[in-house]
1. For the stretch 100-118, check the following and say yes or no: at least one residue is among the acidic types (Asp, Glu), touching a strand residue (DSSP E or B) at 6+ places or on another chain (Cβ under 7 Å) and buried (at least 16 other Cβ atoms within 10 Å of the Cβ).
2. Taking the options LEU76, LEU57, LEU93, name whichever one is in contact (Cβ under 8 Å) with a residue 24 or more places away in the chain, aliphatic (A, V, I, L, M) and in a helix (DSSP H, G or I).
3. Which of the residues spanning the stretch 116-173 are touching an Asp or Glu at 6+ places or on another chain (Cβ under 8 Å), without any contact (Cβ under 8 Å) to a residue 60 or more places away in the chain and over 14 Å from ALA101 (Cα atoms)?
4. Among residues belonging to the stretch 41-51 that are surrounded by 14 or more Cβ atoms within 10 Å (Cβ to Cβ) and not in a strand (DSSP E or B), point out the one that is farthest from the chain's Cα centre (by Cα).
5. Since ILE36 meets every condition but one in (1) part of a helix (DSSP H, G or I); (2) not assigned by TED's automatic domain parsing to the domain that holds LEU108, which condition does it not meet?
6. Residues in the stretch 2-55 that are among the charged types (D, E, K, R), at pLDDT 85 or above and in contact with a Gly (Cβ under 7 Å, 6 or more places away or on another chain): how many?
7. Just to verify a result, which residue in the stretch 1-33, among those that are of a type in the set (S, T, N, Q) and part of a loop (DSSP other than H, G, I, E, B), is surrounded by the fewest Cβ atoms within 10 Å (Cβ to Cβ)?
Amino acid sequence: MTTYISTLRGINVSGQKLIKMADLQKTYEKLGFGNITTYVQSGNVVFTGKKATPKELAASISQQIAKDFGFQVPVLVLSINSLRQIIASNPFLQDSEKDIAFIHITFLSSQPPKFDEKAIEEKKLGGEAIAFTNMAVYLYCPNGYGKTKLTNSFLETKLQVSATTRNWKTTNELVRIAEEISLLNK
């Protein structure tokens, strides 16, 4: 069994697309996944399943959520190795001036086509920083993510890919849970 991390975009926000984590876990069980662990209410699920591509898994999960809850939810799935790579590639970790409490990662569903990096960077507010890779966008928002113009929706529009954003603490907790599950399954 392979360990995966899925992140759902836009559930349990402002009373919209409400899904209880216990119900979400049942949805994953219907798909035959095991070791299902949810983290916080924003749709973070670590699970094990048969080897498949992240895109195949995301499509299956999204379809099952639509069946079970009656609405579409974008789902991104990462392997444990992909998440480790994203964490290790964070360029802000080498800057001792940056407080990790203000780091966010926008996970991308696929590599974005050519985009205008300068047009995105022009939206930065004072003290903010942004860095791009093929799998993620790293954000440093010292005024808080709620105040940035580099929102998930903005980045999706500019990059022309689905995306979902998590803070640094959540991202690290997801890899910790995934590693724990992975060790149990060896």
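1. no
2. Values: LEU76 fails: in a helix (DSSP H, G or I); LEU93 fails: in contact (Cβ under 8 Å) with a residue 24 or more places away in the chain.
Exactly one of LEU76, LEU57, LEU93 is in contact (Cβ under 8 Å) with a residue 24 or more places away in the chain, aliphatic (A, V, I, L, M) and in a helix (DSSP H, G or I), namely LEU57.
3. If we filter the stretch 116-173 for residues that are touching an Asp or Glu at 6+ places or on another chain (Cβ under 8 Å), which is where we start, we get 130, 132, 139-143, 148, 150, 158, 162-163.
Still in the list and also without any contact (Cβ under 8 Å) to a residue 60 or more places away in the chain: 130, 132, 139-143, 148, 150, 158.
Within the stretch 116-173, ILE130, PHE132, THR148, LEU150, LYS158 qualify.
4. GLN41
5. (1)
6. Of the residues in that region, 0 qualify.
7. Residues of the stretch 1-33 of a type in the set (S, T, N, Q): 2-3, 6-7, 12, 14, 16, 25, 27.
Applying the additional criterion that residues be part of a loop (DSSP other than H, G, I, E, B) yields 12, 14.
On the way: ASN12: 17, SER14: 6.
Across the stretch 1-33, the extreme among qualifying residues is SER14.
The values are calculated or read from the model by the stated rules, or taken from the named source; none is laboratory data. The shown structure was predicted, so the numbers you read here are calculated from the model rather than taken from an experiment. Note: ideal-geometry Cβ built from the backbone for every residue, glycine included; neighbour counts use all protein chains shown.
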